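Note sheet for the following structure.
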Amino acid sequence: MIISFDTETTGVDITKDRPVQIALVQKSDPDRVLFNTFCNPLMEVEKGAVEVHGITPDKYEKAPDYMAAAWSLSLVLEQLSGAVIVSYNGSVFDLPLINNVLGKDIFSNLQSLDLYSVVMRYFPGFKSFKLPNVYKQLIGEDAPNAHNAVSDCINCLTVLDKICIKTGKTPFSLAEELREPKPLLIMPFSKHHKGKMMNEVPKGFAKWLLDQNVDKPMQADIRLSMEMIMDGSIHDLFREAA
C-alpha cells in the first residue's frame, strides 16, 4: 500500500510548532482520503505560515486539539503496517513534528519515501525543489490547491507516478534505495552555492550547515555530502566520475 502524508503547521520549528491540518491519502484510482482534519494548535499561528497555507482561526477553533488529532492519526497508522508513506521533506519536518507532539515514533512500522530526497538525487538540474515547482517541472502544469494538506498529499502521489515513469523504478525500490545515503552531485539550495558542483562548495559552508543541524533531522544525502566536503573525500568522488 502507498499512502501520502502532509501537515500544515503553526511555523517551521519541529520542536515547538504544532499542526493545524493533518492529512493521509491512500494511492488508488481515485486516490482515497484516509484521514483529514483541521486541528486547534492552542497557540498562535505565525503570520508567515498563514500567508502560505491560509488556515485562519475560524477553520480550526472548533476542531479537535492538536494532541487529539495526532493521536487519532496514530490509530489509523497502526492498521497500515508495512505501507510506504510518501511525503515531501517529511523525513525532516512533518514526521518528526508529529512524533515530537506525541512523544513517540508513530511511523516506525512504515517505509518512508521522502520525495524531496528523491528529486534532489535523480533530478539535480531542477531550478527549484519546492513541491509546487517540482510538480510544474514534472507534470507541466500548476499544482492544484498547493499548501492544503490533502491537495499536497495528492500532488505528491502525482509527482511519484511521474518519477517512477522517468526513472523506471517503483515506490518500493525508491524507498529501499534511499536507505543508503549517497552524495549529491549538485548543491540544491543556498543563496550563494545553489547549482554549484558539490566539489566546488566551500568547507566553511559545509561546516556551517552541519553545525546548524547538530542533533536535528537532516536529509541524509545532504548530510553525507557536507561530511564528504569536510573530509575532502568529495573530490575523490568527482575524480572517479571523470
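If you check Val76 against the conditions, is it closer than 23 Å to Ala143 by Cα and either in contact with a Cys (Cβ under 7 Å, 6 or more places away or on another chain) or among the β-branched types (Val, Ile, Thr) (or both)? I'd like the intermediate steps shown before the answer.
Values: closer than 23 Å to Ala143 by Cα: no; either in contact with a Cys (Cβ under 7 Å, 6 or more places away or on another chain) or among the β-branched types (Val, Ile, Thr) (or both): yes.
Here the answer is no, as Val76 does not meet what is asked.
Restricting attention to segment 61-68, does a residue exist that is in a helix (DSSP H, G or I), at negative phi and small (Gly, Ala, Ser)? Steps first, answer last, please.
Our first condition is that a residue be in a helix (DSSP H, G or I); within segment 61-68, this holds for 66-68.
So of that shortlist, the ones also at negative phi come out as 66-68.
If we keep only those that are small (Gly, Ala, Ser) too, we end up with 68.
There is at least one residue in segment 61-68 that is in a helix (DSSP H, G or I), at negative phi and small (Gly, Ala, Ser).
Lys191 versus (1) of a type in the set (Lys, Arg); (2) within 28 Å of Ile3 (Cα to Cα); (3) not in a helix (DSSP H, G or I): which is the lone unmet condition?
Here Lys191 meets the rest and fails (2).
Look through Val119, Val76 and report the one residue that is in a helix (DSSP H, G or I), out of contact with any strand residue (DSSP E or B) (no Cβ under 9 Å at 6 or more places or on another chain) and farther than 17 Å from Arg18 by Cβ. Explain how you work it out, then say what you get.
Numbers: Val76 fails: out of contact with any strand residue (DSSP E or B) (no Cβ under 9 Å at 6 or more places or on another chain).
Residue meeting the stated conditions: Val119.
Please specify each residue of segment 79-105 satisfying the condition of being in a helix (DSSP H, G or I) and either touching a helix residue (DSSP H, G or I) at 6+ places or on another chain (Cβ under 6 Å) or among the charged types (D, E, K, R) (or both). Walk me through it before giving the result.
Filtering segment 79-105 for residues in a helix (DSSP H, G or I) gives 79-80, 94-102.
Passing the criteria: Asp94, Ile98, Val101, Leu102.
Could you say which residue among Glu61, Glu8 is farther than 25 Å from Asp215 by Cβ, in the same structural domain as Thr158 (by TED's automatic domain parsing), modelled with pLDDT of 95 or more and of a type in the set (Asp, Glu)? Outline the logic, then answer.
Values: Glu61 fails: modelled with pLDDT of 95 or more.
Residue meeting the stated conditions: Glu8.
Report yes if some residue within segment 87-105 is crowded, with 19+ Cβ neighbours inside 10 Å and over 19 Å from Val12 (Cβ atoms); otherwise report no.
Scanning segment 87-105 turns up no residue that is crowded, with 19+ Cβ neighbours inside 10 Å and over 19 Å from Val12 (Cβ atoms).
For segment 134-157, how many residues meet the condition of being part of a loop (DSSP other than H, G, I, E, B) and touching a residue at least 12 places away in the same chain (Cβ under 8 Å)? Please lay out each step first, then the result.
We begin by selecting, within segment 134-157, every residue part of a loop (DSSP other than H, G, I, E, B); these are 140-148.
Applying the additional criterion that residues be touching a residue at least 12 places away in the same chain (Cβ under 8 Å) yields 143, 146-148.
Total satisfying the criteria: 4.
Restricting attention to segment 197-219, report how many residues are among the hydrophobic types (A, V, I, L, M, F, W, C) and under 14 Å from Leu185 (Cα atoms). Reasoning before the result, please.
Of the residues in segment 197-219, the ones among the hydrophobic types (A, V, I, L, M, F, W, C) are 197-198, 201, 205-206, 208-210, 214, 218.
Still in the list and also under 14 Å from Leu185 (Cα atoms): 197-198, 201.
The total comes to 3.
For segment 164-212, enumerate the residues that are without any contact (Cβ under 8 Å) to a residue 40 or more places away in the chain and small (Gly, Ala, Ser).
Gly168, Ser173, Ser190, Gly195, Gly204, Ala206
Across segment 8-53, what is the total count of residues that are of a type in the set (Val, Ile, Thr), more than 15 Å from Ala70 (Cα to Cα) and assigned to a strand (DSSP E or B)?
Going through segment 8-53 one residue at a time, the tally reaches 2.
Being surrounded by 14 or more Cβ atoms within 10 Å (Cβ to Cβ) and in contact with a helix residue (DSSP H, G or I) (Cβ under 7 Å, 6 or more places away or on another chain) is true for just one of Ala206, Ala175. Which residue is that? If you could, list the steps in order and put the result at the bottom.
Working: Ala175 fails: in contact with a helix residue (DSSP H, G or I) (Cβ under 7 Å, 6 or more places away or on another chain).
Among Ala206, Ala175, only Ala206 is surrounded by 14 or more Cβ atoms within 10 Å (Cβ to Cβ) and in contact with a helix residue (DSSP H, G or I) (Cβ under 7 Å, 6 or more places away or on another chain).
Is it fair to say Gly82 is more than 29 Å from Pro181 (Cα to Cα), of a type outside the set (Phe, Trp, Tyr) and surrounded by fewer than 13 Cβ atoms within 10 Å (Cβ to Cβ)?
On the way: more than 29 Å from Pro181 (Cα to Cα): no; of a type outside the set (Phe, Trp, Tyr): yes; surrounded by fewer than 13 Cβ atoms within 10 Å (Cβ to Cβ): yes.
In short, no.
So which residues in segment 138-154 are in contact with a Lys or Arg (Cβ under 8 Å, 6 or more places away or on another chain) and either surrounded by fewer than 17 Cβ atoms within 10 Å (Cβ to Cβ) or at positive phi (or both), if there are any at all?
Residues of segment 138-154 that are in contact with a Lys or Arg (Cβ under 8 Å, 6 or more places away or on another chain), as a first pass: 138-139, 142-143.
Within segment 138-154, Ile139, Asp142 qualify.
The values are calculated or read from the model by the stated rules, or taken from the named source; none is laboratory data. The structure displayed is predicted, hence computed values, not measured ones. Every residue, glycine among them, receives a Cβ derived from its backbone with ideal geometry; neighbour counts consider all protein chains shown.
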